[in-house]
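**Student:** Let me give you the structure first, and then I'll get to my questions.
The values are calculated or read from the model by the stated rules, or taken from the named source; none is laboratory data. Nothing here was measured: the structure is a model prediction, and the numbers come from that model. In this analysis, Cβ positions are derived from the backbone assuming ideal geometry, glycine residues included, and neighbour counts consider all displayed protein chains. What goes into the accessible areas is simple: the full protein's heavy atoms, side chains included, and nothing from ligands, DNA or RNA. Shrake-Rupley method; radii C 1.70, N 1.55, O 1.52, S 1.80 Å.
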Amino acid sequence: MMTFSIKKSVAVLGAAAMMVSVAACGSGDTGAQSDNSGTSADGKATITVWSWDTTIEDAAKKYMEENPNVTIKVSNVGTSAQTQVSLNNAIAAGKGAPDISLMEYHSIAQFALSDALEDLTDKTSGFDADYPAGIWKGVQVNGKVYGLPVDSGPNALFYNKAIFDKAGISEAPKTWEEYYQDAKKIRALGDDYYITSDAGDNNQSTVFMSLIAQAGGAPFKVDGDKVSIDLVNDEGTKKAVEYWQRMIDEDLINTKVTSWSDEWNKGLGDGTIASLVTGAWMPGNLLSGAAQASGNFRVATVPQWNEGENINSFNGGSSLTLIKGTKNADAAFKFMEYVCHSKEGIKNRVSSGAFPADSESFKSDYYLNGTDDLNKYFGGQKYTEVLAQAAEQEVGDFEFLPFWSQVQNTFGDYAGKAYRKEEKLSKSMEDFQKSLIDYAEGQGFTVEK
């Protein structure tokens, strides 16, 4: 059996994706140090943070008001997948990485095993009692802690009630069969109207995998350096693939608009994209990206595969990680602790629209009362109660491969063909499976057949 070296994985992925720019970088022999990082002789510190979550920038402003000797520079280098690529590139180049990076839970293992993250185990003694067990598990690798939970991502159905009403849909669908029937009603409103959009692009990888997970799918298994990959015969995967193929075949989803694009936001704003199933962190993004729909949107728990079930899955959820080698580790960790673990920091982020990760917040007035802007956006609905309910639903045994960035960054190469109707989605998944097996074996994994 070959010994797996994830450093090879990082270098290969970085070399393959150089089209994604890295944020302004400095020098340092570890790769985690930018030019202006470090604590100066007068005790002042500059901390660099990469984050696609705008509430981190809001938190930084609050923190700097209370800590005038600290300067925090937050940069958005792209989506979660793009941030992974940029971080891979910076680490491979030996320069340009930030002190702190926002990182989804499914990406932590790759960077921890490549020795790119600081071990926070000693700094976080007792923290586990403050988070749900599943969320705290998400920041651990081999029993060690490599991040602090920022948010969690139970899925929910966000839908435009005005468009649903116009289509004669009186309530949110409770099953995926009802969702299919509702999709036909919305499609009948006109050529531009769809119940949702999905172009099979890389950003949709987590959406599609969460659909599989909710269907009871477990296409990936990990046991040390042994993995199994089954996107062909796994029953939950087959169920999700067959369902989504029907939606594609009948032109019930917009397969031309890529997620997170200007056109996507426009469609959510004007109602031509009438809903989406995504993580509970979405409200703030809707408010900023699709402000036109204010007052029209509502939230429901996700449709079930079988009536009466109460099963959900997660889409994303993220943590703050400390990049290995920073000269400013203590100051950087204090900011991480403020954002993720202090009541004040969490409360400030929740007030900016963030979805919490800690147990106390789900029961707190500062979360459950919502924000004025978002209460208005969701038409006075107690949307926070629905999202808290989503966080408490059952979840399956879906596992992430320890090279998830490869999954995210190549998903569109295969799935996109099905969404363009060049082939069936089952064939796309078969080819995707083969590519992941080849990649795993190339990185030293034993793939169990």
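**Student:** Counting only C-alpha contacts under 8 Å and six or more residues apart, can you give the relative contact order of the chain as a whole percent?
**Tutor:** Contact order relative to length: 25 percent.
**Student:** For the chain, what % of the accessible area comes from carbon and sulfur atoms, probe 1.4 Å?
**Tutor:** 47 percent
**Student:** Show which lysines lie in cross-link reach of Lys161 when reach means a straight Cα distance below 25 angstrom and same-chain residues fewer than eight apart are skipped.
**Tutor:** Hits, sequence-local ones excluded: Lys174, Lys184, Lys185, Lys256, Lys266, Lys376, Lys382.
**Student:** Using a cut-off of 24 Å between alpha-carbon atoms, which lysines can reach Lys324, once sequence neighbours fewer than 8 places away in the same chain are excluded?
**Tutor:** Here the lysines satisfying the reach criterion relative to Lys324 are Lys7, Lys8, Lys44, Lys73, Lys95, Lys123, Lys137, Lys144, Lys334.
**Student:** Using a 7 Å offset from Cα along Cα-Cβ at Met64, what residues in region 339-373 end up with backbone N under 11 Å from the label point?
**Tutor:** none
**Student:** Might you tell me the accessible area per residue for the chain, computed with a 1.4 Å probe and given in Å²?
**Tutor:** About 41 Å² of surface per residue is accessible.
**Student:** Counting other Cβ atoms within 10 Å, which trypsin sites (Lys or Arg not before Pro) in region 232-326 have at most 12 and lie in a DSSP loop?
**Tutor:** In loop regions of region 232-326 (DSSP not H, G, I, E or B), the sparsely surrounded trypsin sites (Lys or Arg not before Pro) are Lys256.
**Student:** Something else now. Using amide H atoms built in the peptide plane, which far-off residues or other-chain residues are under 5 Å from Ile47 H to H?
**Tutor:** Those lying under 5 Å, H to H, from Ile47 are Thr71, Ile72, Lys73.
**Student:** Just want to confirm a number: the relative contact order over region 67-168, from Cα pairs under 8 angstrom separated by 6+ residues, in percent.
**Tutor:** Normalised by residue count, the contact order of region 67-168 is 20 percent.
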